[in-house]
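Enquirer: Just passing along the structure, written as structure tokens.
Here, each number is a calculation from the coordinates, and none is a lab measurement. Quantities reported herein were computed from a predicted structural model and do not represent experimental measurements. Quick reminder, even Gly has a Cβ in these numbers, built from the backbone with ideal geometry, and neighbours come from all protein chains shown.
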Amino acid sequence: MTSPILVTGGTGTLGRLVVPLLRDAGHDVRVLSRGRHQPTSGVAHVTGDLLTGDGVESAVAGAEVVLHLAGGPKGDDEATRNLVRAASRTGVRHLAYISVIGADRVPLGWLRSKLDAERAIADSGLPWTTLRAAQFHDLVLTMAQQMAKLPVMPVPGGLRLQPVDARDVAARLVELTLDKPAGLVPDLAGPRVYGIAELARGYLRARGKRRLMMPVRMPGKAGRAYRAGANLTLDGATVGARTWEDFLAERLRPGR
Ligand SMILES: NC(=O)c1ccc[n+]([C@@H]2O[C@H](COP(=O)([O-])OP(=O)(O)OC[C@H]3O[C@@H](n4cnc5c(N)ncnc54)[C@H](OP(=O)(O)O)[C@@H]3O)[C@@H](O)[C@H]2O)c1
């Protein structure tokens, strides 16, 4: 295949891991970003904004495969519809997407917008693949760092996570993107389920810190859904290799 693979979100946490894997597999890559970037070997950048639609047509032009990773706290539904509209006008033969486990079960606005984005892709008429992944270790680390700034760490009772390493997600997505369109594939979760207090204790131990923890209750329907484990996939998930402890040992290694 000679046409470049378009990666939206190629500058993000996940995208920065995906792009070199696609290069290693021998593909030229085009990254859509709102910012301007210098090209590197085999990686071109197109400036555009999926929310306004600016630059999206030029980004999609000539790309037969699109891996859609761009996302934010809100508007992923609208951004995805804009991408789908542009991709439908060109000859895209595979549109791959990353979503979140629980998008169809947890009643929160940003998850609802991920679900609507999934639907826009499934209804696009284009051949597609969607992978739902659990929270990345990087996100859990950011949450733990924020919580540890407080003298007492708030710990939502009954909330569990199956954090997954973004490198495992990147590798799976590249495999899926280069394969035939497969529709909604099995979820990708981390190797263990943790309570929030356990994740926080792992972080504190790795940093040599101590904090008191205070249980808090997540209110409303979303709280009930989380306590019921609607954000987890306990059966039938593909499981990433790296644990939270592996990630912490590497990321918080002295001298890093
Ligand atoms: N983080 C998690 O725990 C997690 C778990 C499961 C699934 N996901 C999904 O995985 C994807 C990537 O997550 P991430 O953590 O790598 O995200 P991230 O680090 O926050 O990066 C977001 C990316 O989206 C791009 N982007 C945002 N708004 C855009 C817009 N309007 N137009 C064009 N590009 C835009 C950004 O590009 P520029 O800033 O260069 O424009 C950036 O590359 C998201 O779809 C997210 O929902 C994340």
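Enquirer: Calculate the FRET efficiency for R112 and E250 from the Cβ-Cβ distance with a Förster distance of 35 Å, rounded to the nearest 0.05.
Expert: Details: r = 34 Å, r/R0 = 0.97.
Computed FRET efficiency for R112 and E250: 0.55.
Enquirer: Before rounding to the nearest 500, sum -39500 (n - 2.57) across all DSSP H runs of length at least 4 in the chain and divide by the residue total; then give [θ] at 222 nm in deg cm²/dmol. All intermediate terms of the calculation are to be shown ahead of the outcome.
Expert: Numbers: 9 runs with 95 residues, N = 256.
Calculated mean residue ellipticity at 222 nm is -11000 deg cm²/dmol.
Enquirer: Assuming R0 = 22 Å, can you tell me the calculated FRET efficiency for the pair S41 and A61, based on Cβ-Cβ distance, to the nearest 0.05?
Expert: Details: r = 22 Å, r/R0 = 0.99.
Here the calculated transfer efficiency is 0.50.
Enquirer: What ranking do M218, M143 get, fewest neighbouring Cβ atoms within 10 angstrom at the top?
Expert: M218, M143
Enquirer: Same structure again: To the nearest 0.05, how large is the calculated FRET efficiency for R34 and R227 if R₀ is 51 Å and r is the Cβ-Cβ distance? Write out the running numbers ahead of the final one.
Expert: On the way: r = 37 Å, r/R0 = 0.72.
About 0.85, to the nearest 0.05.
Enquirer: Given the range 1-115, what whole percent of its Cα pairs are spread farther than 18 Å?
Expert: Working: 3119 of 6555 pairs.
Here the long-distance tail beyond 18 Å is 48 percent of all Cα pairs in the range 1-115.
Enquirer: For the chain, what's the relative contact order in percent, using C-alpha pairs closer than 8 Å and at least 6 residues apart?
Expert: Values: 508 pairs, mean separation 45.6, N = 256.
The value is 18 percent.
Enquirer: Can I ask one more? For a quick check: sort K114, K74 by the number of other beta carbons within 10 angstrom, fewest at the front.
Expert: On the way: K114 25, K74 13.
Ranked by crowding around the Cβ, least crowded first: K74, K114.
Enquirer: Remind me, what semi-axes does the chain give for its equivalent ellipsoid, largest first in whole Å, using sqrt of 5 times each Cα gyration tensor eigenvalue? Provide the component values of the computation, followed by the final result.
Expert: Numbers: eigenvalues 218, 85, 54 Å².
Computed over the chain, the values are 33, 21, 16 Å.
Enquirer: Ordered by residue, what ³J(HN,Hα) values in Hz, to whole numbers, does the range 214-222 give under the Karplus form 6.51 cos²θ - 1.76 cosθ + 1.60, where θ = phi - 60° and Gly and Pro are x?
Expert: 10, x, 10, 10, 6, x, x, 5, 5
Enquirer: If you count the DSSP beta bridges with both ends in the range 1-86, what percent of them are antiparallel, to the nearest 5? If you can, show how the numbers build up before the last one.
Expert: Details: 1 of 14 bridges.
Here the share of antiparallel DSSP bridges comes out near 5 percent.
Enquirer: Quick one: dipole size for the range 126-197, taken about the Cα centre, charges +1 on Lys/Arg Cβ and -1 on Asp/Glu Cβ, in debye to the nearest 20.
Expert: Values: 7 positive and 6 negative charges, 37 e Å.
Value, rounded to 20: 180 debye.
Enquirer: Right, next: Given H placed 1.01 Å from N in the peptide plane, which residues other than close sequence neighbours of L32 have an amide H under 5 Å from its amide H?
Expert: V7, T8, G9, G10, V46
Enquirer: Now for a different question. Please state the equivalent ellipsoid semi-axes for the range 150-233: what are the square roots of 5 times the Cα gyration tensor eigenvalues, largest first, in whole Å? Working shown, then result.
Expert: Details: eigenvalues 192, 68, 13 Å².
Semi-axes (√(5λ), whole Å): 31, 18, 8.
Enquirer: Which residue, W128, W244, W110, tops the fluctuation ranking in a GNM of the chain built on C-alpha contacts under 10 Å?
Expert: So, out of W128, W244, W110, the one fluctuating most is W110.
Enquirer: Among the lysines, select those whose C-alpha is under 29 Å from the C-alpha of K149, and discard any that sit fewer than 8 residues away in the same chain.
Expert: K74, K209, K221
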